[in-house]
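This report concerns only the one structure given below.
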Amino acid sequence: MQARSRRGTSPTLPIHFDANPAAGAHHQLSFEIGTTQPPPRQVRVSYQKLLKNYVLNLLHRRPPKNVKRKNLFRALKATKFFQCTELDWVEAGLQVCRQGYNMLNLLIHRKNLNYLHLDYNLNLKPVKTLTTKERKKSRFGNAFHLCREILRLTKLVVDANVQFRLGNVDAFQLADGLQYIFSHVGQLTGMYRYKYRLMRQIRMCVCVCVSGGGCLCRGVVVVGRVGCRGSAYGGRSAGLRPGGRKVWVKRL
């Protein structure tokens, strides 16, 4: 496992987790550093957070029950209403994006909101200046907007893989783009506005990306040579000004 340092070098850092959940011991993170330069602080914090979640899941895991379960797919396949086929996962992702777009469009037109337009990037915008009555009628709940933001993130990942399948980008550009997407979920989407507890998962994505070899720029996670303006957690709404200077972030 490699971790990129602040000066641009990539020292090899074998990392061992000394965790014993049954004994209740104090969990520590030990590094065997082959070079004289220690890893960045953000990388150590990311590993500690991932280790904490791993130990917490082990502590709360229940032993499986010995029950005879029926296979749902096998039971459905035995009927005449269902069939089984194979599909490439990129095509399945395209179908998910298309069907999700149709679902949101049906919900919009069910309320006769013809003055709202949902584009293929899952952006909901009015086509004219709305009156007060139209604005009140065009309000949707948190569930609608959360589904829209999740579908937007899905479409970003699927589009990156589609460009790779078409041959427009190589494998390194695909890997760099996917790492940028998952380390800037709060900046590319606004799902934390509709369920703020998602900040935990957003933070975990950032920790995984930093632990896998991201670099640091003024306290904000960036990838590769991408410039740093804004936040990995959502810009001004999460407490970071556009210049990247930390103002206030709620500790998770």
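None of the figures in this text is laboratory data; all of them are computed from the coordinates on show. For clarity, every value in this text was computed on a predicted model and none was experimentally measured. Cβ coordinates were reconstructed from backbone atoms using ideal geometry, including for glycine residues, and neighbour counts include every protein chain displayed.
Across the stretch 114-129, rounded Karplus estimates of 3J(HN,Hα) from the backbone phi angles (6.51 cos²θ - 1.76 cosθ + 1.60, θ = phi - 60°) give 6, 8, 10, 10, 10, 7, 6, 8, 6, 9, 9, 9, x, 8, 8, 6 Hz, Gly and Pro being marked x.
Within the shell of other residues whose beta carbon sits under 13 angstrom from the beta carbon of Gln95, the net charge comes to 0, with Lys and Arg scored +1 and Asp and Glu -1. For Asp159, the shell of other residues with beta-carbons less than 11 Å away shows a net charge of +3, using +1 for Lys and Arg and -1 for Asp and Glu.
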